[in-house]
Every structure is written in structure tokens, then in C-alpha cells.
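Here is the structure we will look at, set down as C-alpha cells.
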Amino acid sequence: MPALSEFGTRYPFHPYPTGWFAAEFSDQLAPKEVRPIKYFGRELVIWRTEEGKAVIADAHCPHLGAHLGYDGKVEGDTLICPFHAWGFGSAGKCVHVPYTKQIPPRAVLNVWPVVERSGIIWFWHDLDGRAPLFDMPVFDETRRLPNTGFERMHDDFGGPHPQDVMENAVDFGHFPGVHSTGRASANGKIRIDGHRFMSPIKVLPSGHVDPNDDTPPLSFIDAEVIGGGFVRIESYGPMLPGLKTITFVSGTPVDETLTHYRVKTYIEKSDDCPFTDEQIAEIDRVSVEVTKKEQYSDGKIWPHKAYVDRPMLSAVDGPFNLYREWYAQYHPRVAAAQVAAE
């Protein structure tokens, strides 16, 4: 078993980074639904108003501590406590106490910043409680094909730090080692733009691992890590002209020992795509089947690996150090003693 760091984990940095993280898939939270969730070691409640707004807040009622995620109810914009029926609006403020008109002014829930993009409910985490340091990007999805791809949450991949999960974006060697492809290498320069780290990759067909092999690439991958919480991947290749697979991966820490790994995919189609709808449906079916299996190819590694702070890299490994230097901005600047006191 890997030795524990001063933070009580296998990693030499705080387990809860800063960024936008996936809390749930949009279609898994119906209007008026209320549910308990736990992330970043904190008990939370997620609900959707009657008008469709997703809300995440600290779980316990400031009145007498009932957990709002268990048997709480939604009426309009308001979450009703199951204990004394105090009502909290989507901004967190108590708006109703059934047995008095005098509402305590400090009766306010801590509501977390939430946005919905690409069929995922995202929420902002920062250990210091800072407002979002950057907006959740809005992606152009006009070419998205409905009813393609899949979504899944894994709770069976252990507790990898989000940095570790997204490090695959620069780990060229893991493509043939884990995914049975040919050699993978950079397809251009790494680009860094503030909170965005962009890694273009080209992948050769299976069996082609010689550095001098000039076989045309099987596929191209444009991986973009955004903040400390997720990566967006565009995959395309010469064998499937006019089609592009979009993949979102987010690793959201439940606590120091468990990370919820969420993956969501779909297909985009260009105007000059030569495939019929029936052909695309079959391509999607095969792609989904393969991609679901490949999640376990990565996931089976994380529960057992150690974090190597100073890896012994080969000359053709990806830019690990550049990625880690960039990601370091999302590590909270806290001492281990403070973590132990939390």
C-alpha cells in the first residue's frame, strides 16, 4: 500500500482542489426532486425547483440541524425542511416559517455556485470559499447528435486525486499500455490559457509502437483540462470523416478515500459527413460499447498506484511536469496541521 503523506493520503497536496466539478447528470434530477449528496467531505443537499433550476447547498437546517436531503420537499422555488417545515429559497435565504412571521435574519443556507452545461450539473468548490475564479465555459453544441453516447458515474475506482485522473491528457505512454493502441505522441504544442490546459495528441493503430514508424494516425485527440475539476476531450480520425466524439470526464472527491468518476459522451456531425443515420447509429453503438469497457482500463489502475512526485520519465513521455506545474494553482495553500483539524 502506498505510504500516506502529511495530508493523510497518497498525494503530497490537499485532497480537495479548486474548480468546477460534476455533481450529477442533468437527466438524473427531476423537478421537485430532493436528494442527499456528499462531496469534499461535506454533507450536502441537491434539489431542483419546480421551474427546473438545480440547487446545491449545505445539508443541515440552521434551525435545529435536520438534514434537508432526507424527506425534504420542494414547493415552487422553496425547499421545505422535514423537521419544522422552514422553507429556504434557491438563494439560501429562509423565506417561510409556518408558525411565525418573524424569520430569523441569519437563517440562511450556504448555497454553492451551480451551472448546468452539456447535460451535467456542475458546482464550484474552493476550500477558502472564494467565488468562482472563472466562468464555466459554454461549448458550441449545435452539431451534437441527440441520443448518442452514454453517461455513467463510477464509484468503484477508489480515491484518485482529480489531478491524477486528468493527467491522462499528457500521459502518452498509457495509450498503448492501457488502451492497446499504437504509439501516442504530441500533435502540436501544448497550449495554456489561464485555467485551460490543451494537449493535442495523435495515436497510431494498434501494434505500431516504433518511434520511427510513419504509419498514418488512427485518431486524433484534443484534450482540454479546465480548472481543477474536469477534462473535455474531442476525438476524431480519418476512418470516420465528419464525426467527432466529445467526452467529459470529472473526478469529484467524496472524501479523502473515494472519488466519483463521471463520464459523458456524445457525437457531433459535420455538414459534409458521408454517413447515413443508420450507419451513425451503428458507429455509436460500437463506440459506446468499447468506451464503457475502456473506463475500467484506467479505473483499475488508480486504487492501487502510488503518486510519484518526481517521476523517472523517458525521452518520449508526455509533458507531465508542465501539466503538474499548471495544475498546482488549484491546490489549496494549507498546512497539514490545518487539514488534521478539519
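Is one or more of the residues making up segment 144-154 crowded, with 19+ Cβ neighbours inside 10 Å, at negative phi, touching a residue at least 40 places away in the same chain (Cβ under 8 Å) and under 17 Å from the mean Cα position of the chain (by Cα)? So that I can check it myself, show each step before the final result.
Just the residues of segment 144-154 that are crowded, with 19+ Cβ neighbours inside 10 Å, to begin with: 148-149.
Restricting the remaining residues to those that are at negative phi gives 148.
From what is left, the residues that are touching a residue at least 40 places away in the same chain (Cβ under 8 Å) are 148.
This time we only want the ones that are under 17 Å from the mean Cα position of the chain (by Cα), so: none.
Looking through segment 144-154, none of the residues is crowded, with 19+ Cβ neighbours inside 10 Å, at negative phi, touching a residue at least 40 places away in the same chain (Cβ under 8 Å) and under 17 Å from the mean Cα position of the chain (by Cα).
Which ones in segment 240-250 are over 16 Å from Glu294 (Cα atoms) and either crowded, with 21+ Cβ neighbours inside 10 Å or at pLDDT below 95 (or both)? Before the answer, list the steps.
Of all residues in segment 240-250, those over 16 Å from Glu294 (Cα atoms) come to 240-244.
Residue satisfying the conditions is Leu243 alone.
Taking segment 161-195 as the region of interest, how many residues are farther than 16 Å from Ile301 by Cα, in contact with a strand residue (DSSP E or B) (Cβ under 9 Å, 6 or more places away or on another chain) and either assigned by TED's automatic domain parsing to the domain that holds Phe40 or surrounded by fewer than 18 Cβ atoms within 10 Å (Cβ to Cβ) (or both)?
Here the count works out to 8.
Tell me whether segment 81-93 contains one or more residues that are loosely packed, with under 15 Cβ neighbours inside 10 Å, in contact (Cβ under 8 Å) with a residue 24 or more places away in the chain and not in a strand (DSSP E or B).
no
Could we say that Val254 is touching a Phe, Trp or Tyr at 6+ places or on another chain (Cβ under 7 Å), over 22 Å from Phe123 (Cβ atoms) and modelled with pLDDT of 95 or more here?
For Val254, the condition - touching a Phe, Trp or Tyr at 6+ places or on another chain (Cβ under 7 Å), over 22 Å from Phe123 (Cβ atoms) and modelled with pLDDT of 95 or more - is not met.
Give Val288, Val308 a once-over and let me know the one that is among the hydrophobic types (A, V, I, L, M, F, W, C), more than 16 Å from His174 (Cβ to Cβ) and assigned by TED's automatic domain parsing to the domain that holds Pro162. Give the derivation first.
Working: Val308 fails: more than 16 Å from His174 (Cβ to Cβ).
On inspection, the qualifying residue turns out to be Val288.
Name the single residue that is farthest from the chain's Cα centre (by Cα) among those in segment 217-250 being of a type in the set (Gly, Ala, Ser) and part of a strand (DSSP E or B).
Filtering first and then ranking leaves Ser219.
Quick one: which of Ala91, Ala85, Ala66 is among the small types (Gly, Ala, Ser), within 25 Å of the chain's Cα centre (by Cα) and assigned by TED's automatic domain parsing to the domain that holds Val45? Steps first, please.
On the way: Ala85 fails: within 25 Å of the chain's Cα centre (by Cα); Ala66 fails: within 25 Å of the chain's Cα centre (by Cα).
So the residue among Ala91, Ala85, Ala66 that is among the small types (Gly, Ala, Ser), within 25 Å of the chain's Cα centre (by Cα) and assigned by TED's automatic domain parsing to the domain that holds Val45 is Ala91.
In segment 203-221, which residues are surrounded by fewer than 19 Cβ atoms within 10 Å (Cβ to Cβ) and not aliphatic (A, V, I, L, M)?
Pro205, Ser206, Gly207, His208, Asp210, Pro211, Asn212, Asp213, Asp214, Thr215, Pro216, Phe220
Do we find that Gly158 is surrounded by fewer than 16 Cβ atoms within 10 Å (Cβ to Cβ) and not in a strand (DSSP E or B) in this structure?
Values: surrounded by fewer than 16 Cβ atoms within 10 Å (Cβ to Cβ): no; not in a strand (DSSP E or B): yes.
In short, no.
So Asp71 clears everything in (1) among the charged types (D, E, K, R); (2) within 21 Å of Phe230 (Cβ to Cβ); (3) in the same structural domain as Asp27 (by TED's automatic domain parsing); (4) in a loop (DSSP other than H, G, I, E, B) except one condition, right? Which one?
The one condition Asp71 does not meet is (2).
Could you check segment 251-266 and list, in sequence order, the residues that are in a strand (DSSP E or B) and closer than 13 Å to Phe40 by Cβ?
Keep residues of segment 251-266 that are in a strand (DSSP E or B), which gives 251-253, 259-266.
Hits for segment 251-266 are Gly251, Thr252, Pro253, Thr259, His260.
Kindly indicate which of Met136, Met198 is closer than 15 Å to Phe230 by Cα, surrounded by 15 or more Cβ atoms within 10 Å (Cβ to Cβ) and not assigned by TED's automatic domain parsing to the domain that holds Val286.
On the way: Met198 fails: not assigned by TED's automatic domain parsing to the domain that holds Val286.
From the options Met136, Met198, the qualifying one is Met136.
I need the full set of residues from segment 14-42 which are assigned to a loop (DSSP other than H, G, I, E, B) and either surrounded by fewer than 21 Cβ atoms within 10 Å (Cβ to Cβ) or free of Cβ contacts under 8 Å to residues at least 40 places away in the same chain (or both), in order please.
Just the residues of segment 14-42 that are assigned to a loop (DSSP other than H, G, I, E, B), to begin with: 14-18, 29-33, 40-41.
Within segment 14-42, Leu29, Ala30, Pro31, Lys32, Glu33, Phe40, Gly41 meet the criteria.
Going through segment 44-69 one residue at a time, which ones are out of contact with any Lys or Arg (no Cβ under 9 Å at 6 or more places or on another chain) and either surrounded by fewer than 18 Cβ atoms within 10 Å (Cβ to Cβ) or without any contact (Cβ under 8 Å) to a residue 24 or more places away in the chain (or both)?
The first filter runs over segment 44-69 and keeps only residues out of contact with any Lys or Arg (no Cβ under 9 Å at 6 or more places or on another chain), leaving 51-53, 56-57, 60-61, 63-68.
Across segment 44-69, the qualifying residues are Glu51, Gly52, Lys53, His60, His63, Leu64, Gly65, Ala66, His67.
The values are calculated or read from the model by the stated rules, or taken from the named source; none is laboratory data. Keep in mind it's a predicted model, so treat the numbers as computed, not measured. As a convention, Cβ positions derive from the backbone with ideal geometry for all residues, glycine included, and neighbour counts pool all protein chains shown.
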